Structure formats: C-alpha cells, structure tokens
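Undergrad: Mind having a look at this structure? Questions to follow.
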Amino acid sequence: MTKRISSATETERLLALLAALCMFLSLIEYLIPKPLPFIRLGLANLPILISLSFLSVRESFLLVLLKIFGQGLVNGTLFSYIFLFSLGGSLAAGFLMITAYHALKDYISLLGVSILGALGNNLIQILLARQIIFGKAALLMAPPFLIAGLLTSSLLGLFAIRFTESSEWVRRHQQSFRERTG
Amino acid sequence: MKPFAKLPAEFRFWTGLAALFPYLFLESMILRGFLVFYFILLAILSGKRFKAAPNLLMLGGIVLAHLFIPNGRILWEWGPLTLTVGSLQNGLTKGFLVIGLIYLSRLTVSPQLAIPGRAGALFSLTFYYFEELSGGPRLTRTSLISQIDKRLLEMDAKTASPAPRPAPAEGGALRRALYLSLLLLPVWTAAAGERLYALLG
C-alpha cells in the first residue's frame with residue numbers, strides 16, 4: 001500500500017509535504033503554553049496560507065482535506081466530535097481563505113485572508129457547539145472565542161507574510177507554479 | 001503492559017466501528033460513564049496515552065455550559081448559576097459521550113490503517129513526511145522561519161528514498177478474540193440492556 005516517493009507526481013509530493021507540515025505545526029502548537037486552554041493559535045493553517053500563491057484552487061482544497069483527515073488519523077479522533085468540529089471549521093476556513101485569495105488577490109493580503117479563515121472556522125464551530133454539545137450556552141462563549149480568534153489569526157497572518165517573503169522554499173515553488181501555469 | 005498495542009489496524013477499525021453505533025445511541029448517563037472509564041482502560045492497554053487533566057477540564061466545561069440551562073429540581077443557586085439535577089445529568093451525559101467517543105476513536109483509528117487507491121498512497125506519503133519532520137531536531141524560537149524553511153528544503157531533496165513500510169502487526173487469534181470480546185461485549189450488553197429496560201419499564 002505504501003508508494004515510493006520517486007513514483008509520486010511532483011504535485012502529490014508537494015501536497016503530502018504541506019499536509020505533513022500542517023500536522024507537524026499542530027503538534028508544535030500543543031507544546032506552546034497558552035493563557036486559556038481553549039485558545040488555539042491555528043499554526044496548522046500556516047501551510048495553507050503560504051501555499052495559496054503556488055497551488056491551484058483544486059489543489060488547495062485537496063490540501064485542506066488531507067490536513068483534516070490526516071489529523072483525524074494521526075490523533076485517532078476520526079470518529080469523535082473533535083473530528084466533526086475540525087471538519088466543519090477547516091472546510092469553512094479553507095473555503096473562505098481560498099476564495100478570498102483568488103477572488104481578491106490584488107486587494108487583500110495574507111493577514112486579511114487569515115482573519116477571514118479564522119472567522120469562518122470559529123462561526124461554524126460555535127454553531128456546531130450550540131447544536132451538538134453546549135446548547136444555548138455556546139452563545140455565551142462566542143464573544144471571547146471570536147475575539148481570541150481575531151487576535152491569533154492576525155498574528156498568524158503577519159507570520160505568514162514574513163514567511164513567504166523570507167522563504168527560499170516558497171520562492172522555488174512559486175517559480176515552479178509560474179512555469180507550470182505559464 | 002500493552003497486550004493490544006500491535007493488533008492489526010484493519011481489525012481494530014472494524015471492531016471499533018461495531019462498538020461505535022451502540023455507544024452512540026446509549027442514553028443512560030451511568031452506562032456511558034462506565035464505558036468511558038472502560039474505553040480509557042482499553043486504550044491504555046493498547047498503548048495509547050492518557051492524561052486526566054485535559055479530560056476533566058473538557059468534562060467540567062461541558063457540565064458548566066449546561067448549568068446555564070436549568071432543568072428539573074434545583075440543588076443549589078449562586079448568582080446566574082442554578083445547579084439543577086436535569087442540567088447536571090445532561091451535562092455529564094453529553095460530556096461522557098464526547099470523551100467516550102475520543103477514546104473509542106483512538107482505539108479504532110490509527111495512521112497504519114491502509115486506505116486503498118490513490119488516496120491511500122497520498123496519506124502514506126503524508127505520514128512519511130510527518131514522521132521525517134517530527135524526527136528532526138527540535139525547533140527553537142530563534143530564527144523559526146529559517147528553521148522551517150531549511151527543513152522543507154531538505155524534504156524536497158528526498159525524492160529517491162522509498163516510503164517506509166508500516167510496522168508489522170502482531171496478535172494471534174486468541175489475542176484478537178480477547179480484544180473483540182473485551183470491546184464489544186460490554187458495549188452491546190449495555191445497549192441491549194437499556195433497550196430491554198425501556199421495553200419492559
């Protein structure tokens with residue numbers, strides 16, 4: 001069932017590496033001390049942000065799905081509510097980020113894209129929390145949750161901008177994408 | 001002692017799936033609570049990690065949220081919080097469901113699960129890169145961008161190395177039969193017992 005790297009296409013290798021980076025950064029995030037346990041930095045979204053400039057729309061969506069199911073398999077949470085929240089939140093965030101980047105490329109930076117993604121993610125998760133676990137009490141948690149999301153996504157967006165400007169790896173793949181798409 | 005740590009991933013998957021549905025539809029708080037502890041024990045015997053604090057925090061949070069929706073006999077009041085029997089039961093029932101599903105899912109699913117076709121090959125490659133990234137030197141806060149960049153460039157260079165094979169599974173027929181009965185018997189007994197009680201009650 002395992003496939004040799006050499007026989008995978010370049011796009012498959014790139015998607016697999018980006019998805020693996022999502023999972024790796026998610027692991028790193030657990031090690032970072034946070035002021036409140038429910039606050040997430042969203043580091044796992046960094047590869048999605050930095051790859052928007054060298055993946056097509058279809059490839060970006062595939063990356064989002066790989067990230068969701070990969071995390072579910074590694075953490076073993078595929079059949080838990082955690083996966084459902086991850087699925088809903090990540091799909092909403094992915095849709096907003098990919099659409100915003102490709103539709104508004106000249107008007108929005110990765111900072112704006114990151115904030116939109118966090119907003120989508122958090123709103124869907126609040127809805128799911130309301131329907132499945134917490135009932136109306138979920139709405140009480142919404143304001144601090146959304147504010148925390150705004151702050152952390154802003155930091156992530158700024159970091160993503162610095163990363164894409166400084167990274168040799170990103171530059172190579174942007175160049176490769178330009179050659180691929182003419 | 002981890003007697004079930006190396007059972008085949010596909011066997012775990014189908015066994016876990018068979019336990020998932022009856023557990024999902026259980027209504028009794030006590031039965032769900034018992035099964036949570038049971039799943040945690042089985043998960044530890046299967047080599048999974050367990051930390052009490054995050055689970056207690058999660059349970060506490062879910063129960064607290066339900067206390068804002070009073071239901072039934074009042075036990076205690078303090079400011080906006082009214083502790084009622086119904087809300088406590090609802091919170092605990094929901095909390096046990098969430099935590100129980102996490103550990104049942106961990107028993108059921110693992111990265112060694114062979115997914116067929118192109119999707120399976122892509123996941124295999126993803127886990128290979130994940131292991132390579134995780135196995136490298138620890139990232140430090142200084143020059144974080146250049147550390148991540150360097151690691152990505154190294155991964156790009158790995159075009160000729162074969163993806164590793166998953167670790168061979170162990171577990172003879174007796175061990176599998178033991179695992180099967182330990183996981184399925186309590187869950188199905190609880191589910192059948194609850195239905196019977198409801199029919200006769």
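Undergrad: Just need a number here: residues in segment B:38-61 that are touching a Leu at 6+ places or on another chain (Cβ under 8 Å) and either in a loop (DSSP other than H, G, I, E, B) or without any contact (Cβ under 8 Å) to a residue 40 or more places away in the chain (or both).
TA: 2
Undergrad: Does at least one position in segment A:135-147 carry a residue that is surrounded by fewer than 20 Cβ atoms within 10 Å (Cβ to Cβ), at pLDDT 90 or above and closer than 20 Å to A:Ser26 by Cβ?
TA: The answer is no, given that none of the residues of segment A:135-147 is surrounded by fewer than 20 Cβ atoms within 10 Å (Cβ to Cβ), at pLDDT 90 or above and closer than 20 Å to A:Ser26 by Cβ.
Undergrad: Continuing with this model, one more query. Quick check on my filter: what residues within segment A:51-64 are touching a Leu at 6+ places or on another chain (Cβ under 8 Å) and either closer than 18 Å to A:Leu111 by Cβ or in a helix (DSSP H, G or I) (or both)?
TA: Answer for segment A:51-64, where residues must be touching a Leu at 6+ places or on another chain (Cβ under 8 Å) and either closer than 18 Å to A:Leu111 by Cβ or in a helix (DSSP H, G or I) (or both): A:Ser51, A:Leu52, A:Glu59, A:Ser60, A:Leu62, A:Leu63, A:Val64.
Undergrad: Listed residues B:Ile99, B:Ile74, B:Ile30, B:Ile69; which is touching a residue at least 24 places away in the same chain (Cβ under 8 Å) and among the β-branched types (Val, Ile, Thr)?
TA: Only one candidate qualifies: B:Ile99.
Residues are listed down the side, and each one gets a yes or a no for (1) closer than 30 Å to A:Arg178 by Cβ; (2) of a type in the set (Ser, Thr, Tyr):
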| site | (1), (2) |
| --- | --- |
| A:Glu29 | no, no |
| A:Ser53 | yes, yes |
| A:Glu59 | yes, no |
| A:Leu84 | no, no |
| A:Asn122 | no, no |
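Undergrad: Tell me which residues, restricted to segment A:98-119, are in a helix (DSSP H, G or I) and of a type outside the set (A, V, I, L, M).
TA: Passing the criteria: A:Thr99, A:Tyr101, A:His102, A:Gly112, A:Ser114, A:Gly117.
Residue-wise test of (1) outside any helix (DSSP H, G or I); (2) modelled with pLDDT of 95 or more; (3) within 14 Å of chain B (Cβ to nearest Cβ); (4) within 14 Å of the chain's Cα centre (by Cα).
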position: A:Leu66; (1), (2), (3), (4): no, no, yes, yes
position: A:Gly70; (1), (2), (3), (4): no, no, yes, yes
position: A:Phe83; (1), (2), (3), (4): no, no, yes, no
position: A:Ser90; (1), (2), (3), (4): no, no, no, yes
position: A:Leu96; (1), (2), (3), (4): no, yes, no, yes
position: A:Asn121; (1), (2), (3), (4): no, no, no, yes
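Undergrad: Report yes if B:Leu144 is over 27 Å from the mean Cα position of the chain (by Cα), free of Cβ contacts under 8 Å to residues at least 12 places away in the same chain and more than 7 Å from chain A (Cβ to nearest Cβ), otherwise no.
TA: yes
Undergrad: Does B:Ser87 count as within 8 Å of chain A (Cβ to nearest Cβ), of a type outside the set (A, V, I, L, M, F, W, C), surrounded by 15 or more Cβ atoms within 10 Å (Cβ to Cβ) and not in a strand (DSSP E or B)?
TA: So B:Ser87 fails the test.
Undergrad: Follow-up. Please state which of the following conditions A:Phe83 fails to meet, knowing it meets all the rest: (1) closer than 15 Å to A:Leu65 by Cβ; (2) of a type outside the set (Val, Ile, Thr); (3) in contact with a Leu (Cβ under 8 Å, 6 or more places away or on another chain).
TA: Condition (3) is where A:Phe83 drops out.
Undergrad: In this structure, is B:Leu133 in contact with a Leu (Cβ under 7 Å, 6 or more places away or on another chain), facing another protein chain (nearest Cβ under 8 Å) and buried (at least 18 other Cβ atoms within 10 Å of the Cβ)?
TA: For B:Leu133, the condition - in contact with a Leu (Cβ under 7 Å, 6 or more places away or on another chain), facing another protein chain (nearest Cβ under 8 Å) and buried (at least 18 other Cβ atoms within 10 Å of the Cβ) - is met.
Undergrad: Going by the conditions given, is A:Leu140 touching a residue at least 40 places away in the same chain (Cβ under 8 Å) and within 14 Å of chain B (Cβ to nearest Cβ)?
TA: For A:Leu140, the condition - touching a residue at least 40 places away in the same chain (Cβ under 8 Å) and within 14 Å of chain B (Cβ to nearest Cβ) - is not met.
Undergrad: Kindly indicate the residue of segment B:110-130 that is more than 7 Å from chain A (Cβ to nearest Cβ) and surrounded by 15 or more Cβ atoms within 10 Å (Cβ to Cβ) and also farthest from A:Ile28 (Cα to Cα) among those meeting that condition.
TA: Within segment B:110-130, the match that is farthest from A:Ile28 (Cα to Cα) is B:Gln112.
Undergrad: Restricting attention to segment A:170-178, does a residue exist that is under 17 Å from A:Ser60 (Cβ atoms), surrounded by fewer than 16 Cβ atoms within 10 Å (Cβ to Cβ), modelled with pLDDT under 90 and within 19 Å of the chain's Cα centre (by Cα)?
TA: Scanning segment A:170-178, I find no residue that is under 17 Å from A:Ser60 (Cβ atoms), surrounded by fewer than 16 Cβ atoms within 10 Å (Cβ to Cβ), modelled with pLDDT under 90 and within 19 Å of the chain's Cα centre (by Cα), so the answer is no.
Undergrad: Find the residue count for segment B:72-83, including only residues that are part of a loop (DSSP other than H, G, I, E, B) and modelled with pLDDT of 80 or more.
TA: 2
Undergrad: Just wondering, is there one or more residues in segment B:161-173 that are part of a helix (DSSP H, G or I), modelled with pLDDT of 80 or more and facing chain A (nearest Cβ under 9 Å)?
TA: No, segment B:161-173 contains no residue that is part of a helix (DSSP H, G or I), modelled with pLDDT of 80 or more and facing chain A (nearest Cβ under 9 Å).
Undergrad: Output the residue which, of all residues in segment B:92-109 that are of a type in the set (A, V, I, L, M, F, W, C) and within 13 Å of B:Glu10 (Cα to Cα), is nearest to the other protein chains (Cβ to nearest Cβ).
TA: B:Val109
Undergrad: Now, a different point. Any residue in segment A:162-182 that's within 18 Å of A:Ser109 (Cβ to Cβ) and small (Gly, Ala, Ser): show its pairings with residues that are surrounded by fewer than 16 Cβ atoms within 10 Å (Cβ to Cβ) and at pLDDT below 95 at Cβ separation under 7 Å, as long as the two are six or more apart or on different chains.
TA: As it stands, the answer is A:Ser166/B:Ile145; A:Ser167/B:Ile145, since those pairs meet every condition given.
The values are calculated or read from the model by the stated rules, or taken from the named source; none is laboratory data. No experiment lies behind these values; they were computed from the predicted model shown. Positions of Cβ are generated from backbone atoms using ideal geometry, with glycine treated the same way; all protein chains shown enter the neighbour counts.
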